[in-house]
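Just so it is clear, none of the values below were taken in a lab; they were calculated from the coordinates. All values reported here derive from a predicted model rather than from experimental measurement. Positions of Cβ are backbone-derived with ideal geometry, glycine not excepted, and every protein chain shown enters the neighbour counts.
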């Protein structure tokens, strides 16, 4: 802990996130059922569990996150594992070889690399009622943070606001898109789970 985001912290936070997504599996799936396939809880649980199990074996941050991304993509089919896998691999790509800890600016750079990689997998952006409504504001909010704790807190707050904003949005992607205006009034499950993960990271760091 302290001023750096290190390998042990990453392992600990993802283990906690795996536990949280398991506990909230039914909640996330119920939310998804309102506008989607109703399986997001199962998908995010599998994705984060795979990432955590892979990271637990890591010897450095770069390879650890890249391997976790591959493990996540292999854990399950569907957009959740694809997007989170891309996020994790992109994070690893943004870390220097052999790095065991990151300061605030380095962590921000890794998150920006992660988001860039996700953008290569989806055309969705803010306002489209997807995971991106939480991720994009979160990464934007990290810029200029003086320390890791404040970076994670800013990211979590922005992600939460972004996820809450999806309630009033009309879905433009996935099965929810077919519902038209009927998709309005429900928060996006992917944005909600992402915000929950970032909130947990900020609380547990």
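With all distinct Cα pairs included, what does the Kirkwood hydrodynamic radius of the stretch 1-96 come out to in Å, to one decimal, could you say?
About 13.4 Å for the stretch 1-96.
Could you state the angle between the C-alpha long axis of helix 40-55 and the longest principal axis of the C-alpha atoms of the chain, as a value from 0 to 90 degrees rounded to the nearest 10?
10 degrees
What are the semi-axes of the equivalent ellipsoid of the stretch 5-204, taken as the square roots of 5 times the eigenvalues of the Cα gyration tensor, listed largest first and rounded to whole Å?
Semi-axes from the Cα gyration tensor: 26, 18, 14 Å.
Where does helix 104-119 land angle-wise versus the long Cα axis of the chain, in degrees 0 to 90, nearest 10?
40 degrees
Classify the stretch 28-70 from the C-alpha gyration tensor, please: rounded if a/c falls under 1.5, else prolate or oblate depending on whether a/b exceeds b/c.
Numbers: a/c = 5.04, a/b = 3.56, b/c = 1.41.
Because a/c hits 1.5 or more and a/b exceeds b/c, the stretch 28-70 counts as prolate.
How much mean residue ellipticity at 222 nm does the chain get from its helices, if each DSSP H run of length 4 or more adds -39500 (n - 2.57) and you divide by all residues, to the nearest 500 deg cm²/dmol?
Values: 10 runs with 137 residues, N = 205.
One gets -21500 deg cm²/dmol as the mean residue ellipticity at 222 nm.
Need the C-alpha centroid separation for the stretch 1-75 versus the stretch 129-170, integer Å.
Measuring centre to centre over Cα atoms gives 18 Å.
Taking the Cα atoms only, what angle lies between the long axis of helix 61-75 and the longest principal axis of the chain, rounded to 10 degrees?
Orientation of helix 61-75: about 30 degrees from the principal axis.
Calculate the spin-label point distance for residue 56 paired with residue 123, positioning each point 7 Å from the Cα along the beta-carbon direction, and give it in nanometres.
The answer from the label model is 4.1 nm.
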